[in-house]
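S.K.: Shown below is the structure under consideration.
The values are calculated or read from the model by the stated rules, or taken from the named source; none is laboratory data. Because the structure is a prediction, the values reported are computed rather than measured. Cβ sites come from the backbone with ideal geometry, for glycine too, and all protein chains shown count toward neighbours.
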Amino acid sequence: MNTEQPAQPDPIEKVSVIISRGSLDEVYPGLIMANGARAEGIEANLFFTFFGLDAIHAKRHEHIKVATVGNPGMHVATWLGGLPGMSSVMTHVMEKQIAELDIPSIPEFVEMISDTGAGLYACKASVDLFKMEKSDFIEQVDDIITVGEFYEIAAGGQIIFT
Amino acid sequence: MPTKTVAGTTVEVNDEGFFTDPSQWTEEMAPELAEAEGIDTLTDPHWTVIRFMRQEFEEKGTGPTVRALGKTSGVTVKELYQLFPKGPAKIAARVAGIPKPRGCI
(Lines give C-alpha, C1' and ligand atoms only; values in the text may rest on other atoms or scores of the structure.)
Protein backbone atom coordinates (compact mmCIF):
# COMPACT_ATOMS: atom_id res chain seq x y z
CA MET A 1 0.00 0.00 0.00
CA ASN A 2 1.22 3.44 -0.85
CA THR A 3 1.21 5.45 2.36
CA GLU A 4 2.85 8.54 0.91
CA GLN A 5 0.80 11.70 1.37
CA PRO A 6 0.63 14.05 -1.61
CA ALA A 7 2.96 16.99 -0.91
CA GLN A 8 1.08 20.05 0.36
CA PRO A 9 2.17 23.21 -1.43
CA ASP A 10 3.82 25.76 0.89
CA PRO A 11 1.35 28.40 2.07
CA ILE A 12 1.87 31.96 0.82
CA GLU A 13 3.46 33.99 3.60
CA LYS A 14 4.03 37.35 2.00
CA VAL A 15 2.61 39.39 -0.90
CA SER A 16 3.39 42.73 -2.49
CA VAL A 17 0.48 44.22 -4.41
CA ILE A 18 1.16 46.85 -7.05
CA ILE A 19 -1.70 49.21 -7.96
CA SER A 20 -0.87 51.03 -11.18
CA ARG A 21 -4.22 52.31 -12.40
CA GLY A 22 -6.49 55.05 -11.17
CA SER A 23 -10.07 54.06 -11.91
CA LEU A 24 -12.47 52.58 -9.38
CA ASP A 25 -12.58 49.14 -10.99
CA GLU A 26 -8.79 49.08 -11.17
CA VAL A 27 -8.09 50.17 -7.60
CA TYR A 28 -10.49 47.92 -5.68
CA PRO A 29 -9.07 44.55 -6.80
CA GLY A 30 -5.61 45.35 -5.45
CA LEU A 31 -7.06 46.62 -2.17
CA ILE A 32 -9.15 43.47 -1.80
CA MET A 33 -6.12 41.26 -2.50
CA ALA A 34 -4.02 43.07 0.11
CA ASN A 35 -6.73 43.18 2.76
CA GLY A 36 -7.60 39.54 2.13
CA ALA A 37 -3.96 38.59 2.54
CA ARG A 38 -3.78 40.29 5.93
CA ALA A 39 -7.03 38.57 7.00
CA GLU A 40 -5.28 35.25 6.31
CA GLY A 41 -2.30 36.31 8.37
CA ILE A 42 -0.19 36.88 5.26
CA GLU A 43 2.27 39.78 5.37
CA ALA A 44 1.25 42.40 2.78
CA ASN A 45 2.66 45.57 1.27
CA LEU A 46 0.96 47.88 -1.20
CA PHE A 47 2.90 49.80 -3.81
CA PHE A 48 1.11 52.61 -5.66
CA THR A 49 2.50 53.67 -9.00
CA PHE A 50 1.38 55.91 -11.90
CA PHE A 51 -2.33 56.70 -11.73
CA GLY A 52 -2.66 54.25 -8.86
CA LEU A 53 -1.21 57.08 -6.75
CA ASP A 54 -4.65 58.69 -6.76
CA ALA A 55 -5.81 55.99 -4.32
CA ILE A 56 -3.52 57.45 -1.64
CA HIS A 57 -3.69 61.10 -2.72
CA ALA A 58 -5.37 63.09 0.05
CA LYS A 59 -7.36 65.30 -2.29
CA ARG A 60 -8.14 62.73 -4.97
CA HIS A 61 -8.85 59.43 -3.25
CA GLU A 62 -12.47 60.36 -2.57
CA HIS A 63 -13.06 61.09 -6.23
CA ILE A 64 -11.94 57.93 -7.98
CA LYS A 65 -14.25 57.14 -10.88
CA VAL A 66 -15.26 54.28 -13.09
CA ALA A 67 -14.07 54.61 -16.69
CA THR A 68 -17.11 54.55 -18.96
CA VAL A 69 -15.11 54.93 -22.17
CA GLY A 70 -12.75 52.20 -23.34
CA ASN A 71 -14.06 49.84 -20.68
CA PRO A 72 -15.97 47.05 -22.47
CA GLY A 73 -16.79 45.39 -19.14
CA MET A 74 -19.14 48.27 -18.34
CA HIS A 75 -21.34 47.29 -21.32
CA VAL A 76 -21.94 50.93 -22.14
CA ALA A 77 -21.56 52.02 -25.77
CA THR A 78 -18.50 54.26 -26.22
CA TRP A 79 -20.53 57.16 -27.64
CA LEU A 80 -22.89 56.95 -24.65
CA GLY A 81 -20.10 56.54 -22.10
CA GLY A 82 -18.50 59.70 -23.47
CA LEU A 83 -21.46 61.93 -22.68
CA PRO A 84 -20.77 64.61 -20.07
CA GLY A 85 -21.39 63.37 -16.53
CA MET A 86 -21.65 59.72 -17.57
CA SER A 87 -18.61 58.61 -15.58
CA SER A 88 -19.90 60.39 -12.45
CA VAL A 89 -23.34 58.82 -12.78
CA MET A 90 -21.98 55.31 -13.30
CA THR A 91 -19.52 55.80 -10.42
CA HIS A 92 -22.39 56.84 -8.18
CA VAL A 93 -24.36 53.74 -9.15
CA MET A 94 -21.42 51.46 -8.54
CA GLU A 95 -20.53 53.12 -5.21
CA LYS A 96 -24.08 52.51 -4.07
CA GLN A 97 -23.86 48.83 -5.01
CA ILE A 98 -20.50 48.57 -3.26
CA ALA A 99 -21.89 50.17 -0.08
CA GLU A 100 -24.87 47.78 -0.14
CA LEU A 101 -22.42 44.88 0.07
CA ASP A 102 -20.79 46.66 3.03
CA ILE A 103 -17.56 47.10 1.12
CA PRO A 104 -15.78 50.24 2.40
CA SER A 105 -15.20 53.30 0.21
CA ILE A 106 -11.65 53.64 -1.14
CA PRO A 107 -10.46 56.14 1.53
CA GLU A 108 -11.90 54.00 4.32
CA PHE A 109 -10.55 50.80 2.79
CA VAL A 110 -7.01 52.17 2.45
CA GLU A 111 -7.08 53.33 6.07
CA MET A 112 -8.34 49.94 7.20
CA ILE A 113 -5.60 48.15 5.26
CA SER A 114 -3.02 50.36 6.95
CA ASP A 115 -4.57 49.42 10.31
CA THR A 116 -4.12 45.73 9.47
CA GLY A 117 -0.37 46.38 9.52
CA ALA A 118 0.18 46.38 5.76
CA GLY A 119 2.81 48.78 4.40
CA LEU A 120 1.73 51.54 1.99
CA TYR A 121 4.33 52.88 -0.42
CA ALA A 122 4.32 55.41 -3.26
CA CYS A 123 6.51 54.99 -6.34
CA LYS A 124 9.22 57.66 -6.50
CA ALA A 125 9.38 57.84 -10.29
CA SER A 126 5.64 58.49 -10.51
CA VAL A 127 5.68 60.97 -7.63
CA ASP A 128 8.43 62.91 -9.44
CA LEU A 129 6.62 62.66 -12.77
CA PHE A 130 3.41 64.11 -11.37
CA LYS A 131 5.37 66.68 -9.28
CA MET A 132 3.86 65.43 -6.04
CA GLU A 133 5.31 65.43 -2.51
CA LYS A 134 4.89 63.33 0.61
CA SER A 135 2.49 65.99 1.94
CA ASP A 136 0.11 65.33 -0.97
CA PHE A 137 -0.59 61.85 0.34
CA ILE A 138 -2.69 60.53 3.20
CA GLU A 139 -0.82 60.14 6.48
CA GLN A 140 -0.96 56.32 6.31
CA VAL A 141 1.60 56.28 3.48
CA ASP A 142 4.80 54.88 4.97
CA ASP A 143 7.25 56.17 2.41
CA ILE A 144 8.06 57.16 -1.15
CA ILE A 145 10.40 54.51 -2.48
CA THR A 146 12.38 53.61 -5.59
CA VAL A 147 11.77 50.45 -7.58
CA GLY A 148 14.95 48.99 -6.09
CA GLU A 149 13.69 49.61 -2.58
CA PHE A 150 10.39 48.02 -3.57
CA TYR A 151 12.18 44.83 -4.59
CA GLU A 152 14.00 44.83 -1.26
CA ILE A 153 10.69 45.14 0.59
CA ALA A 154 9.08 42.51 -1.66
CA ALA A 155 11.91 40.02 -1.10
CA GLY A 156 10.82 36.52 -0.20
CA GLY A 157 7.20 37.02 -1.22
CA GLN A 158 4.85 36.98 -4.18
CA ILE A 159 4.30 40.06 -6.34
CA ILE A 160 0.82 40.84 -7.65
CA PHE A 161 0.51 43.50 -10.34
CA THR A 162 -2.86 45.14 -10.90
CA MET B 1 -13.59 13.50 10.08
CA PRO B 2 -10.47 14.36 12.12
CA THR B 3 -10.83 14.81 15.84
CA LYS B 4 -8.68 16.40 18.49
CA THR B 5 -8.69 16.48 22.26
CA VAL B 6 -9.14 19.86 23.88
CA ALA B 7 -9.35 20.34 27.65
CA GLY B 8 -9.85 16.58 28.03
CA THR B 9 -12.73 16.39 25.55
CA THR B 10 -12.65 14.94 22.04
CA VAL B 11 -14.06 17.34 19.44
CA GLU B 12 -14.58 17.16 15.69
CA VAL B 13 -12.57 19.53 13.54
CA ASN B 14 -12.00 19.94 9.81
CA ASP B 15 -8.65 19.76 7.99
CA GLU B 16 -7.93 23.40 8.84
CA GLY B 17 -8.62 22.90 12.55
CA PHE B 18 -12.02 24.61 12.71
CA PHE B 19 -14.76 23.03 14.82
CA THR B 20 -17.38 21.34 12.67
CA ASP B 21 -19.81 21.22 15.58
CA PRO B 22 -19.64 24.51 17.52
CA SER B 23 -21.91 23.09 20.22
CA GLN B 24 -18.96 20.93 21.35
CA TRP B 25 -17.05 24.08 22.35
CA THR B 26 -16.87 25.37 25.91
CA GLU B 27 -15.12 28.46 27.30
CA GLU B 28 -12.69 26.20 29.18
CA MET B 29 -11.28 25.09 25.82
CA ALA B 30 -10.37 28.63 24.68
CA PRO B 31 -7.01 29.01 26.49
CA GLU B 32 -5.71 25.72 25.09
CA LEU B 33 -6.98 26.52 21.57
CA ALA B 34 -5.39 29.98 21.82
CA GLU B 35 -2.07 28.56 22.91
CA ALA B 36 -2.00 26.36 19.81
CA GLU B 37 -2.32 29.61 17.80
CA GLY B 38 0.62 31.20 19.59
CA ILE B 39 -1.48 33.26 22.02
CA ASP B 40 -0.17 32.52 25.51
CA THR B 41 -2.61 34.57 27.57
CA LEU B 42 -6.20 35.44 26.77
CA THR B 43 -6.80 39.02 27.88
CA ASP B 44 -10.17 40.76 28.32
CA PRO B 45 -10.12 42.16 24.77
CA HIS B 46 -9.43 38.64 23.46
CA TRP B 47 -12.51 37.45 25.31
CA THR B 48 -14.58 40.33 23.94
CA VAL B 49 -13.72 39.14 20.43
CA ILE B 50 -14.23 35.44 21.21
CA ARG B 51 -17.66 36.00 22.77
CA PHE B 52 -18.61 38.31 19.91
CA MET B 53 -17.65 35.58 17.41
CA ARG B 54 -19.84 33.07 19.26
CA GLN B 55 -22.75 35.49 19.46
CA GLU B 56 -22.57 36.42 15.77
CA PHE B 57 -22.36 32.77 14.80
CA GLU B 58 -25.38 31.87 16.89
CA GLU B 59 -27.41 34.75 15.45
CA LYS B 60 -26.34 34.57 11.82
CA GLY B 61 -24.94 31.07 11.30
CA THR B 62 -21.59 32.48 10.22
CA GLY B 63 -18.75 34.30 11.93
CA PRO B 64 -17.92 37.96 11.14
CA THR B 65 -15.10 39.08 8.86
CA VAL B 66 -12.37 41.42 10.12
CA ARG B 67 -14.24 44.38 8.65
CA ALA B 68 -17.44 43.41 10.50
CA LEU B 69 -15.48 42.79 13.70
CA GLY B 70 -13.85 46.22 13.47
CA LYS B 71 -17.19 47.92 12.92
CA THR B 72 -19.32 46.17 15.52
CA SER B 73 -17.29 44.33 18.18
CA GLY B 74 -15.99 47.48 19.87
CA VAL B 75 -12.41 46.44 19.12
CA THR B 76 -10.67 48.41 16.35
CA VAL B 77 -9.02 46.78 13.33
CA LYS B 78 -5.62 47.87 14.62
CA GLU B 79 -6.24 46.24 18.01
CA LEU B 80 -7.68 43.13 16.37
CA TYR B 81 -4.40 42.54 14.55
CA GLN B 82 -2.45 43.12 17.76
CA LEU B 83 -4.61 40.53 19.55
CA PHE B 84 -4.63 38.02 16.70
CA PRO B 85 -1.62 38.80 14.48
CA LYS B 86 -2.14 35.76 12.26
CA GLY B 87 -5.56 36.98 11.06
CA PRO B 88 -8.20 38.14 13.57
CA ALA B 89 -11.37 36.60 12.11
CA LYS B 90 -9.67 33.33 11.20
CA ILE B 91 -7.76 32.78 14.45
CA ALA B 92 -10.58 34.03 16.69
CA ALA B 93 -12.93 31.61 14.92
CA ARG B 94 -10.59 28.72 15.71
CA VAL B 95 -10.34 29.76 19.35
CA ALA B 96 -14.11 30.35 19.57
CA GLY B 97 -14.88 26.94 18.09
CA ILE B 98 -16.83 28.14 15.07
CA PRO B 99 -16.31 27.53 11.32
CA LYS B 100 -14.02 29.84 9.39
CA PRO B 101 -15.88 33.04 8.41
CA ARG B 102 -16.30 33.38 4.66
CA GLY B 103 -16.15 36.80 3.05
CA CYS B 104 -13.77 38.72 0.83
CA ILE B 105 -13.59 41.98 2.74
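S.K.: Residue by residue through the range A:55-88, note down the ones that are modelled with pLDDT of 95 or more, of a type in the set (Gly, Ala, Ser) and buried (at least 17 other Cβ atoms within 10 Å of the Cβ).
M.R.: A:55
S.K.: Right, another one. Looking only at the range A:135-150, filter to residues that are in contact (Cβ under 8 Å) with a residue 60 or more places away in the chain and in a helix (DSSP H, G or I); which one of those is nearest to residue A:40 (Cα to Cα)?
M.R.: This residue is A:150.
The rows are residues; the columns are (1) touching a Pro at 6+ places or on another chain (Cβ under 9 Å); (2) more than 11 Å from every other protein chain (Cβ to nearest Cβ).
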position: B:47; (1), (2): no, yes
position: B:53; (1), (2): yes, yes
position: B:58; (1), (2): yes, yes
position: B:67; (1), (2): yes, no
position: B:70; (1), (2): yes, no
position: B:79; (1), (2): yes, no
position: B:87; (1), (2): no, no
position: B:90; (1), (2): yes, no
position: B:98; (1), (2): yes, yes
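S.K.: Which of the residues that make up the range B:56-105 are under 10 Å from the mean Cα position of the chain (by Cα) and without any contact (Cβ under 8 Å) to a residue 12 or more places away in the chain?
M.R.: B:90
S.K.: Name the pairs whose Cβ atoms lie under 7 Å apart, with the first residue in the range A:66-79 and of a type in the set (Ser, Thr, Tyr), the second not in a helix (DSSP H, G or I), and 6 or more positions between them or separate chains?
M.R.: Qualifying pairs under 7 Å: A:68/A:76; A:78/A:69.
S.K.: Could you grab me the full set of residues in the range B:66-104 that are outside any helix (DSSP H, G or I), among the β-branched types (Val, Ile, Thr) and buried (at least 18 other Cβ atoms within 10 Å of the Cβ)? Don't jump to the end; show me each part of the working.
M.R.: So in the range B:66-104, the residues outside any helix (DSSP H, G or I) come out as B:73-76, B:84-87, B:97-104.
From what is left, the residues that are among the β-branched types (Val, Ile, Thr) are B:75-76, B:98.
Hits for the range B:66-104 are B:75, B:98.
S.K.: Can you tell me which residue among B:103, B:17, B:63, B:38 is within 14 Å of chain A (Cβ to nearest Cβ) and within 19 Å of residue A:34 (Cβ to Cβ)? Spell out how you get there, then give the answer.
M.R.: Numbers: B:17 fails: within 19 Å of residue A:34 (Cβ to Cβ); B:63 fails: within 19 Å of residue A:34 (Cβ to Cβ); B:38 fails: within 19 Å of residue A:34 (Cβ to Cβ).
Answer to the selection: B:103.
S.K.: Another question about this same structure. Please indicate, with yes or no, whether at least one residue in the range A:40-47 is free of Cβ contacts under 8 Å to residues at least 24 places away in the same chain, surrounded by 17 or more Cβ atoms within 10 Å (Cβ to Cβ) and closer than 30 Å to residue A:127 by Cβ.
M.R.: no
S.K.: Take the residues of the range B:9-60 that are surrounded by 12 or more Cβ atoms within 10 Å (Cβ to Cβ) and among the polar types (S, T, N, Q): which is farthest from residue B:80 (Cα to Cα)? Reasoning before the result, please.
M.R.: Pass one, the range B:9-60, residues surrounded by 12 or more Cβ atoms within 10 Å (Cβ to Cβ): B:9, B:11-14, B:17-22, B:24-27, B:29-37, B:39, B:42, B:45-57.
Okay, now just the ones that are also among the polar types (S, T, N, Q), so B:9, B:14, B:20, B:24, B:26, B:48, B:55.
On the way: B:9: 29, B:14: 24, B:20: 24, B:24: 25, B:26: 22, B:48: 11, B:55: 17 Å.
Going through the qualifying residues, I end up with B:9.
S.K.: Name the one entry in A:91, A:146 that is of a type in the set (S, T, N, Q) and surrounded by 13 or more Cβ atoms within 10 Å (Cβ to Cβ). Steps first, please.
M.R.: Working: A:146 fails: surrounded by 13 or more Cβ atoms within 10 Å (Cβ to Cβ).
Matching residue, one of A:91, A:146: A:91.
S.K.: A follow-up question, please. Just for the range A:7-30: of the residues that are within 13 Å of another protein chain (Cβ to nearest Cβ) and farther than 25 Å from residue A:148 by Cβ, which one is modelled with the lowest pLDDT?
M.R.: A:8
S.K.: Any residue in the range A:105-134 that is assigned to a helix (DSSP H, G or I) sitting within a Cβ distance under 7 Å of a residue that is among the acidic types (Asp, Glu)? List the pairs, counting only those 6 or more apart or interchain.
M.R.: As it stands, the answer is A:107/A:62, since those pairs meet every condition given.
S.K.: Within the range A:90-106, can one find any residue that is touching a Ser or Thr at 6+ places or on another chain (Cβ under 9 Å), hydroxyl-bearing (Ser, Thr, Tyr) and away from every other protein chain (no Cβ under 14 Å)?
M.R.: Yes.
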